[in-house]
Amino acid sequence: MPIVQLGAEGRWTNYHGTGTCEVATRFALRSGDAERGRDEIAIAARAVQDWLGQAQAAGRRVRPIGAGWSPSNVNIVSDSWLLHTRRFNRCFRVGGADVRPGVEAAALMLVEAGALVDEVSDKFEQQGRSLWTSGAGNGQTFAGACATGTHGSVVGRGGIQDHIRAVQLVTPTGIHWIEPAAGVMSDAFVAATGSTALRDDELFAAAQLPVGALGIVTALVVDSVPKFLVRPIQNLRKVDCAALDWLAAGDFRSFSAAYALDQDPHFVQMIVNPYKPFKRPAMLRFLYREPWRDAYPHATPGELGAGYDALSLLGRFLDEYPWARGALLQFAMKQGYAAGPDIDDPPVYGSWGEGLNTHRPLADLFNASVTIDRADLARAFELICAVYARHGGSTVVTLRFMERAQGLLAPARFPHNAVIDFDGPRSARTAEAYARVVERLDAEGIAFTRHWAKSCRLDAARVAADYGEDFRRWRTARDRLIPDPAHRALFGSAVLDGLGLTG
């Protein structure tokens, strides 16, 4: 039996300690030992469908729990049945006979829903392949990262869900294999998974980023590129305000030439102290992509600059001594973010996966973000810093850049996106500062979206306004997959209902 109950009814707290499910009955979906991946996920999908029927009969809502990573409460539902997928994490190669004509089988991998980003990355790299983007960490399940629209930071790419080529999704009435209309996997492969093929562009665009409201994702087909190297440059530099115009225009080469290497960067990040941002050094991080070679100077993830959540260490001081906030933020940046090779240091290299790391739990850290049209960057940045200067708040401001992401509910929905993150100590003061930021952006008419898995202050009306016709299309796809309102409610929660995703 691939689903087992884990102890008695009780409480469950997410990885970062920011949310708790009360009166939760926990179950685990576990991998078996089938030789072929299609057989393995067929067994699991049938078990999940049976489990959904039992939950409905018991009058309990359900929630799949992977790594429990989301700092927001998007994965929190009380009086529920939780399905832990973390031990359902096998990854399988895809053969030429498994795909439709014209599809590159060697680029694909069949991934069970509980596999971590780190595990998927490692499996690809063992095969000479690589993910092309991911978030700042790798401790999420791949399915969970995609479900919440985890943004990448590669200037020429979209979000992590852009890797998805097919989804197996289980509802009370069906085991669905969802692909684009052109198709990816062969009919024989899909049949062997126990699924009904749904080759439909609208359904696929919804299923790439389901926010946990379209059923239980049991498997994904994930795409890759040939393995490559990245060279990191990380330093503290005072940035001229005119540099924001380069970033807003997508002239990353000029920004890189001024503060690092005169090359086109693969990744650009700027962490700024919002108190006197152009008078205090910003933490700059660049990645430069190079062709793969086996012989290169290896480095640890820390030497590659992985992980940048050290501000939580100073949370208590930042909150208790607001008069020193600007100086303490700068000290935290210098101590926590400055480790990494600069332009004068001997170059180090790593694969994309080697530059990722798993964050420590962030219970004391506030996480929020907005994604804007990159063209609005200079104006938005000025407004954001003005809010902090006037009203306080103890977060740094992180700028990253990406192209439009796939999926109807992808926050990175502009043709060219600037993602602005706010990380700092979890406190009422910090939350209030973020609330004032989004109010000011609204007042000035700057369009933005918010990360589904972070503190986002969203409701159904705002989701409908932010996503417009794409939200209507997503709900239409949802109703096609789950036509019975009682079945849709099975996947709901106070949070998801309030966002208009399950109501």
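Values quoted throughout were computed directly from the atomic coordinates according to the rules given, and no laboratory measurement underlies them. Being a predicted model, the structure only gives us computed values, none of them experimental. FYI the Cβ positions are ideal-geometry reconstructions off the backbone, even for glycines, and counts take in every protein chain you see.
The gain in end-to-end length when the ARG293 to ARG480 segment is fully stretched comes to 62.6 nm, 0.36 nm per residue minus the alpha carbon separation. The residues THR398, THR218, when put in order of fewest to most other Cβ atoms within 10 Å, stand as THR398, THR218. Charged side chains reduced to their Cβ positions (Lys and Arg at +1, Asp and Glu at -1) give the chain a dipole of some 740 debye around its Cα centre. Would you mind checking the range 246-267 for residues with the amide N under 17 Å from a putative spin-label position 7 Å along Cα→C-beta of GLU382? Answer for this model: 246-249.
Subtracting the Cα-Cα distance of GLU444 and ALA57 from 0.36 nm times their residue separation leaves 134.4 nm of extension gain.
Against the chain, whose longest principal axis is taken from its Cα atoms, helix 460-481 shows a tilt of about 20°.
Summarising the label geometry, the points placed 7 Å from Cα in the beta-carbon direction at GLU469 and GLU35 lie 5.1 nm from one another. When you filter the trypsin sites (Lys or Arg not before Pro) in the range 347-441 for DSSP loop state and at most 16 other Cβ atoms inside 10 Å of their Cβ, you are left with ARG404. Relative to the longest principal axis of the Cα atoms of the chain, the long axis of helix 117-126 makes an angle of roughly 80 degrees.
Placing dummy labels 7 Å off each Cα toward the beta-carbon, the span from ASP240 to HIS487 is 6.1 nm.
Note on THR20 and ARG457: the extension gain reaches 155.5 nm, defined as 0.36 nm multiplied by sequence separation minus the Cα-Cα distance.
Rg over Rh for the chain works out to 0.96, both radii taken from alpha-carbon positions and Rh defined as the Kirkwood radius. Extending 7 Å from the Cα toward the beta-carbon at both ILE343 and ARG100 defines two label points whose distance is 4.9 nm. Remark: the range 159-165, residue by residue, has Karplus-estimated 3J(HN,Hα) of x, 5, 5, 5, 6, 6, 10 Hz, where x stands for each Gly or Pro and the curve is 6.51 cos²θ - 1.76 cosθ + 1.60 at θ = phi - 60°.
In the chain, helices alone account for a calculated mean residue ellipticity at 222 nm of -9000 deg cm²/dmol, with every DSSP H run of four or more residues adding -39,500 (n - 2.57). Taking the charge dipole of the chain about its Cα centre, with +1 at Lys and Arg Cβ atoms and -1 at Asp and Glu Cβ atoms, the residue from ALA443, GLN161, ALA205 reaching farthest to the positive side is ALA443. Normalised by 2.2 N^0.38 Å, where N is the number of residues, the C-alpha radius of gyration of the range 388-451 stands at 1.22. Shown here is the pair-distance distribution of the range 60-168: with all Cα-Cα distances grouped in 10 Å bins from zero up to the longest one, the shares run 14, 43, 31, 11, 2 percent.
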